[in-house]
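First the structure, in the form of C-alpha cells, and then the observations on it.
The values are calculated or read from the model by the stated rules, or taken from the named source; none is laboratory data. No experiment lies behind these values; they were computed from the predicted model shown. Virtual Cβ from ideal backbone geometry, glycine too; neighbours counted across all protein chains shown.
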Amino acid sequence: MQISTDIIQQLREKTGCGMMDCKKALTEAKGDMEKAADLLRQKGLASLAKRAERVAAQGVVASYIHPGDKIGVLLEVNCESDFVARGDDFKNFTKELALQVAAQNPQYLTRDEVPAGILDHELDILKAQAKQEGKPEKAIEKITTGRMEKFYSEMCLMDQVYIRDPKKTIKDLWGELSAKIGENIVVRRFTRYQLGEKS
C-alpha cells in the first residue's frame, strides 16, 4: 500500500514521532490514522517525542574492549536521573550499544549527522549505478531512495539492525528502554578504536 507524504506528515504532527516511525505505523495500520497513532503509543514512541523535550543531564560513559584487545569503544548515554543511570536496564542498554558499535562500526550516530557532501556523493553513485543497470528514468529516484535507506542502516548507529535481534533496529531498542523507564534517554556520542587505524 502506498502511503502519501502528506498523511505521514499529519501523523508526525499529531504524535511528534519521526517520519520513518510514522510511515511504518501507517503501513501496518493500512493507512488508518487513528490505528497508526495507537500503534505508536503502544510502542511507546508517541510519549517518547514528548519526553525528548526533557533535559537528560545524568548518565554514563561506558567502555568496551573486545577480546583480543584490538577494538575498543567509548560511549556516552544520558538520562534524566542518577537513579536510572545506576539501574540494570540502563547499564545493559549502554553495554549492548557498545557491543553494537564494536561489531558493526557505524560512522555516525543518526542520519542527521551525515555530512551533506557525503550524502550528495552517495546519491550520485547510486543514481549512476541505477542508470548503468538500465533502470527507467522514472524509477531511478525511487530505487535511489531505497538504496539510501540501506546506506543509513549500515552507516548510522540508530538505523542499524540490532546484532542480537534482526527484527529490531537500535532505535527500536532505545524506544523500548525509554518507554520502560519513563525517562528521556539520549545516546550522545561514541568513539570506536581499532588497533593500527587512525581515528
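Under the condition of being touching a residue at least 40 places away in the same chain (Cβ under 8 Å) and either assigned to a loop (DSSP other than H, G, I, E, B) or over 18 Å from residue 58 (Cα atoms) (or both), the residues counted in region 176-199 number 10. Once region 24-76 is narrowed to residues that are hydroxyl-bearing (Ser, Thr, Tyr) and in a helix (DSSP H, G or I), the residue that is modelled with the highest pLDDT is 27. When 99, 119 are screened for being in contact with a strand residue (DSSP E or B) (Cβ under 8 Å, 6 or more places away or on another chain) and modelled with pLDDT of 90 or more, only 99 passes.
Residues that are touching a residue at least 40 places away in the same chain (Cβ under 8 Å) and assigned to a strand (DSSP E or B): does region 152-164 have at least one? Within region 152-164, one or more residues are touching a residue at least 40 places away in the same chain (Cβ under 8 Å) and assigned to a strand (DSSP E or B).
Selection of region 63-82 for residues being within 20 Å of residue 177 (Cα to Cα), surrounded by fewer than 18 Cβ atoms within 10 Å (Cβ to Cβ) and of a type in the set (Asp, Glu) yields 76, 82.
Checked against the criterion of being closer than 17 Å to residue 64 by Cα, part of a helix (DSSP H, G or I) and modelled with pLDDT of 90 or more, region 140-150 contains not a single residue that satisfies it.
Annotation note: Cβ proximity below 9 Å between a residue of region 140-151 that is touching a residue at least 24 places away in the same chain (Cβ under 8 Å) and assigned by TED's automatic domain parsing to the domain that holds residue 122 and a residue that is small (Gly, Ala, Ser) and surrounded by 11 or more Cβ atoms within 10 Å (Cβ to Cβ) (sequence gap 6+ or interchain) occurs for no pair. Per the listing 129, 100, the residue uniquely assigned to a helix (DSSP H, G or I), in the same structural domain as residue 85 (by TED's automatic domain parsing), farther than 25 Å from residue 41 by Cα and of a type outside the set (Asp, Glu) is 100. Quick check: is even one residue across region 83-92 aromatic (Phe, Trp, Tyr) and in contact (Cβ under 8 Å) with a residue 24 or more places away in the chain? Yes, region 83-92 contains a residue that is aromatic (Phe, Trp, Tyr) and in contact (Cβ under 8 Å) with a residue 24 or more places away in the chain. Restricting attention to region 113-124, the residues being within 23 Å of residue 187 (Cα to Cα), among the hydrophobic types (A, V, I, L, M, F, W, C) and in a helix (DSSP H, G or I) number 3. For region 97-111, the criterion of being surrounded by fewer than 18 Cβ atoms within 10 Å (Cβ to Cβ), aromatic (Phe, Trp, Tyr) and over 21 Å from residue 172 (Cα atoms) is satisfied by no residue at all. The condition (being closer than 30 Å to residue 88 by Cα, more than 12 Å from the chain's Cα centre (by Cα) and among the small types (Gly, Ala, Ser)) is satisfied by just one residue among 179, 116, 128: 179. Tell me whether region 125-137 contains one or more residues that are at pLDDT 90 or above and under 22 Å from residue 191 (Cα atoms). Looking for residues that are at pLDDT 90 or above and under 22 Å from residue 191 (Cα atoms), one finds none in region 125-137, hence no.
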